[in-house]
Amino acid sequence: MTRPPTEPGDLYVFPPGGAAALEWLVVRPHPDDAGLLFVVPVDDYPRAGTPDVALAAEVAGRPRAARCGQGLWIAADRFEERHRAGRLADEALRLVRQKLADLARGRITSSDEQRAADDDSDYAGWMEDVEAARQRLEEPPGGSSGNAKGPPAPS
């Protein structure tokens, strides 16, 4: 059976190894290398800071946050069907892409609630767990290269 293609909006769960239970949202393929996909972690931690996008249940199935400051490029061949967890609505993907573009252009805006989260020690602890999960995901299986942290080209 042929594996369905991985597309922007798809969610994947990679083997766990830490405290953070995350899904990874496929945001876009690399503009110059179709073998790389840009992903951001998505979770249901109740706070969203400045680099995050709070996603309402209407666009994400349940309240979630996309951690746009923790995105990275991953080799497309790492996305196995058995790790596919679902798909977000196109509106959720649009919101994430807009936030990434704003961050890349230095247009950093936040609400009072996001600024309060930035100063919250529990949120900071959660983001340390998210960062650790991103670092684990950066280490490709078998030690080969192909992943790099950083935002996609602005849209």
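A few remarks follow.
- Residue within the range 90-108 that is more than 20 Å from Arg136 (Cβ to Cβ), outside any helix (DSSP H, G or I) and of a type outside the set (D, E, K, R) present: yes
- Annotation note: Cβ proximity below 6 Å between a residue of the range 20-42 that is farther than 9 Å from Ala76 by Cβ and a residue that is open to solvent by 40 Å² or more (accessible area, probe 1.4 Å) and assigned to a strand (DSSP E or B) (sequence gap 6+ or interchain) occurs for Glu23/Ala85; Phe38/Arg28.
- The number of residues in the range 94-110 being under 14 Å from Ala54 (Cβ atoms) and open to solvent by less than 50 Å² (accessible area, probe 1.4 Å) comes to 3.
- Residues in the range 44-64 that are among the small types (Gly, Ala, Ser) and not in a loop (DSSP other than H, G, I, E, B) were compared, and the one that is least open to solvent (accessible area, probe 1.4 Å) is Ala60.
- Of the criteria (1) open to solvent by 10 Å² or more (accessible area, probe 1.4 Å); (2) aliphatic (A, V, I, L, M); (3) modelled with pLDDT of 95 or more, which one Leu22 fails: (3)
- Selected residue (criterion: nearest to the chain's Cα centre (by Cα)) from residues of the range 43-56 that are free of Cβ contacts under 8 Å to residues at least 60 places away in the same chain and within 15 Å of Glu23 (Cβ to Cβ): Val53
- For Arg82, the conditions (1) among the basic types (Lys, Arg); (2) free of Cβ contacts under 8 Å to residues at least 40 places away in the same chain; (3) in a loop (DSSP other than H, G, I, E, B) are fulfilled apart from (3).
- Check on Glu91, over 28 Å from Pro15 (Cβ atoms), in contact with a helix residue (DSSP H, G or I) (Cβ under 7 Å, 6 or more places away or on another chain) and either open to solvent by 20 Å² or more (accessible area, probe 1.4 Å) or among the hydrophobic types (A, V, I, L, M, F, W, C) (or both): yes
- Residue selected from the range 124-154 under the condition open to solvent by 90 Å² or more (accessible area, probe 1.4 Å) and in a loop (DSSP other than H, G, I, E, B), by the criterion modelled with the highest pLDDT: Glu139
The values are calculated or read from the model by the stated rules, or taken from the named source; none is laboratory data. Here the structure is a predicted model, which means the values were calculated and not measured. Note: ideal-geometry Cβ built from the backbone for every residue, glycine included; neighbour counts use all protein chains shown. Just so you know, the surface numbers come from the protein's heavy atoms only, side chains and all, with ligands and any DNA or RNA stripped out. Shrake-Rupley method; radii C 1.70, N 1.55, O 1.52, S 1.80 Å.
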